[in-house]
């Protein structure tokens, strides 16, 4: 599969340390350098804003997708020329998934984790075969990765399905891994 557009899930907060904004800035810049389109949540605050600003500055095409109710609250990014306003969070996730060839989660909170796990569940069920990655900034996602590995040991996640999630600490390495990704067979429901 060719990756031309990357959906990035990330926090509407900048996080407690500058390393998170630095990683968002680096990823946005790399998307532009590599000629990849960014699809993201449409905000101009937190990591979302940093990511979008860096991608725009690097010449990337940027598509924001934001629910009507969050336009004022998240302050939709006015510099994004392709801003899609949808009715609900469900519509937001569906449209972002439709527009993307690959997915990356940067550090974030519950919303970021919700988007990541819904996308990962869809991959597990074979609803898409697009690569899903974690940019493990300063080991932020280590506890989550350990939990998933524990779920394999305990028999709740099949070992082959665990391979659906690509993890890297380097943005360039993660983008390379996503471009080379080949999805395993979808899980069969019992």
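The values are calculated or read from the model by the stated rules, or taken from the named source; none is laboratory data. None of the values given here were measured: they were computed from a predicted structure. Every residue, glycine as well, gets a Cβ built from its backbone with ideal geometry; the counts of neighbours run over all protein chains shown.
Only one of the numbered conditions (1) crowded, with 18+ Cβ neighbours inside 10 Å; (2) at negative phi; (3) not in a strand (DSSP E or B) is violated by residue 15, and that is (2).
The single condition among (1) out of contact with any helix residue (DSSP H, G or I) (no Cβ under 9 Å at 6 or more places or on another chain); (2) in contact (Cβ under 8 Å) with a residue 60 or more places away in the chain that residue 16 does not meet is (2).
Going through (1) in contact with a helix residue (DSSP H, G or I) (Cβ under 8 Å, 6 or more places away or on another chain); (2) at pLDDT 95 or above; (3) at negative phi one by one, residue 33 falls short only on (1). Looking at 144, 134, just one residue is surrounded by fewer than 19 Cβ atoms within 10 Å (Cβ to Cβ) and within 17 Å of the chain's Cα centre (by Cα), and that residue is 144. If the condition is being more than 13 Å from residue 48 (Cα to Cα) and either under 19 Å from the mean Cα position of the chain (by Cα) or in contact (Cβ under 8 Å) with a residue 40 or more places away in the chain (or both), then segment 71-84 contributes 82, 83, 84.
Could you say whether any residue in segment 126-138 is outside any helix (DSSP H, G or I) and on the phi > 0 side of the Ramachandran plot? Yes. Within segment 1-22, the set of residues being under 13 Å from the mean Cα position of the chain (by Cα), closer than 19 Å to residue 113 by Cβ and modelled with pLDDT of 95 or more comprises 6, 7, 8, 9, 10.
Scanning segment 97-109 for residues that are surrounded by fewer than 22 Cβ atoms within 10 Å (Cβ to Cβ), within 14 Å of the chain's Cα centre (by Cα) and farther than 22 Å from residue 178 by Cα turns up at least one hit. In segment 171-190, the residue that is modelled with the lowest pLDDT out of those that are in a loop (DSSP other than H, G, I, E, B) and surrounded by 15 or more Cβ atoms within 10 Å (Cβ to Cβ) is 187. State yes or no: is residue 155 outside any helix (DSSP H, G or I) and over 20 Å from residue 112 (Cα atoms)? Yes. Which of (1) in contact with a helix residue (DSSP H, G or I) (Cβ under 7 Å, 6 or more places away or on another chain); (2) more than 24 Å from residue 29 (Cβ to Cβ); (3) surrounded by 15 or more Cβ atoms within 10 Å (Cβ to Cβ); (4) without any contact (Cβ under 8 Å) to a residue 60 or more places away in the chain is the odd one out, the single condition residue 124 does not satisfy? It fails just one condition, (4).
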